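See structure below.
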Amino acid sequence: MQICRAACVLFLSATVAAQAQDQGPMSAVDWLSDSVAVPAPFASSSQSPQPLINPDEPPVANSVVTPQISVTPLDSPSPDPIGLLPSEVTGFPAGLWKGSDAETLATLVQAQRVDSLPAMQALLRNLLLAEADAPLGAGPDGRLFLARVDKLLDMGALEPAQALLEAANPDTPALFRRWFDVSLLTGTEGRACTAMRARPDVAPTPAARVFCLARNGDWSAAALTLNTVRALGDIADEEDALLSRFLDPDLYEGEAPFPAPSRPSPLVFRMREAIGEPMTVAGLPRAFAHADLRSTTGWKSQLEAAERLARNGAIGPTRLFGIYMARRPAASGGVWDRVAAVQALDRALETGNAEAVAATLPAAWEAMQAVATEVAFAVHYQPRLYEVSLDADAADLATEIGLLSPAYEAVAMDATLRSQSDIFLHGVARGDLSDVRAVGPRQAAVFAAFTTATPPAELTAMVQNAKLGEALLRAMAVFNEGAVSSPSDVRDALAFLRLVGLEDIARRLSLEYLLLSRQS
């Protein structure tokens, strides 16, 4: 039975990984612009290699054939080991990836869901940002490094993605392409444009070159470059039209706006903004939502972008609730009701009035549940709720909220246990379920993970073979799928996380799995 279960676990994670290749846009590469193109000398050949010796060839050659030669720079280190968080911060060993194949790891990273529970999102971010030794087969192309960056972009985590790229010195087309586009989305494209001018070997495309020339103030050179590439037929009609308006918008005043593209690149997004035809970020990848966080954007757009990014941990609770508190809502319904509910609670907490807090807390909590930002709310407000003496019902709600915060264990120790569910959650928070009973499949899965469950043998074998990172990625995929439909998979994944010392993550995941209404 154990062998079957473990095999199923690995089959599920392999299936999830395969989806990254077979089912469309699993990574941010899909929306990155072709801001740089791979230079021709480095294009790979599709021809099969010929044998070095033909035993039937005559001893004298009748012709001379120049062989194809591929060149790999031996002095170019792989960027795969680069990270922002050292082992002392993440708790992961330096050999996190050491025993695994780089291509396998990249595929598993691409397959990770970004709409998972907040604790799983935090674990994924730590893995993506970790410093660690290079995996097997790591090369100058940095296959794993690029997958890590792309997954951060999928999550909308632009700032760490940009920092990671800059730590790698983005001097290759693949790295520069990502750095350029992230810079466009963060409004820091000036440095990227300067670097593009200084490094022609990153092969900027005509559109990017024209944009950067104009961005750096050389409008004449930008116009000349556009005319040249237009004459050579090196630019698409759509790009030509957009760049023409970008360089001289007065010539096109009064003309109909461009139709909005279904999959705009960051370069198109920024140029449309510059010509006065900005695009809404609704429906675009999460990373584009950062554009609506700027102070020049309307408050409603800022609020909606902040909520969207906070759901994936792409911005912190302080920033989210800072935007909520920026001003008074002048309307009602939707996001305005959420703002009003949060502000009412905040005012009650400021006064320290327990009755006012008890009266406003339920509405604020329901508002956060509506947009799946419960954990951000718990992190931000738990310390202040802890200071107020609330009545029984409000105290129970405050305890539930506190169990989703980093202080979950202290909250549980101070809580009044009124039900079987309270007792069970108290045990999870302490990591000791020896004296509790489980009710229902979800509690049963968590109970087994903390008591009798044995992690899948294949995952533990990976750890013994210096494949901890790969085993974690597979266990994470199993948990995410199991949270939707299979408590037994949740049990196995939690048991494995506890085995490798991720006790805090296992407890937080368990509490979120039991308390949050969404099944992902």
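Annotations for the structure displayed:
- Fewest-first ranking of ARG148, ARG338, using other Cβ atoms within 10 Å as the exposure measure: ARG338, ARG148
- Burial ordering of ASP432, ASP237, fewest other beta-carbon atoms within 10 Å first: ASP237, ASP432
- Each of GLY156, GLY142, ALA94 was scored by the projection of its Cα onto the charge dipole of the range 67-197, and the greatest displacement toward the positive side belongs to GLY156; charges sit on the C-beta of Lys, Arg, Asp and Glu.
- The SER76 and ALA410 beta-carbon pair, evaluated with R₀ = 35 Å, returns a calculated FRET efficiency of approximately 0.10.
- Reducing the range 74-144 and the range 245-303 to their Cα centroids gives an inter-centroid distance of 34 Å.
- Each part reduced to its alpha carbon centroid, the range 361-384 and the range 394-458 end up 20 Å apart.
- Each semi-axis of the equivalent ellipsoid for the range 340-415 is √(5λ) with λ an eigenvalue of the Cα gyration tensor; in descending order they amount to 17, 15, 10 Å.
- Rough spin-label spacing in nm, given labels placed 7 Å along Cα→Cβ, for GLN420 and SER262: 5.1
- You can think of it this way: the chain between GLU238 and TYR386 has 47.5 nm of extra reach, that is 0.36 nm per residue less the Cα-Cα gap.
- Formal net charge of residues neighbouring ALA147 (Cβ-Cβ distance under 12 Å; K, R +1; D, E -1): -1
- Here the gap between ARG191 and THR296, fully extended at 0.36 nm per residue and compared with their Cα-Cα distance, gives a gain of 35.6 nm.
- Summed side-chain charge close to PRO135 - residues other than PRO135 whose Cβ falls under 15 Å, Lys, Arg +1, Asp, Glu -1: -2
- The ranking of VAL379, VAL342 by Cβ neighbour count inside 10 Å, starting from the fewest, reads VAL379, VAL342.
- For the range 205-284, the fraction of C-alpha pairs more than 17 angstrom apart is 44%.
FYI, it's all coordinate maths here, none of it is from the lab. No experiment lies behind these values; they were computed from the predicted model shown. Methodologically, a virtual Cβ is constructed for each residue, glycine included, from the backbone with ideal geometry; neighbour enumeration extends over all protein chains shown.
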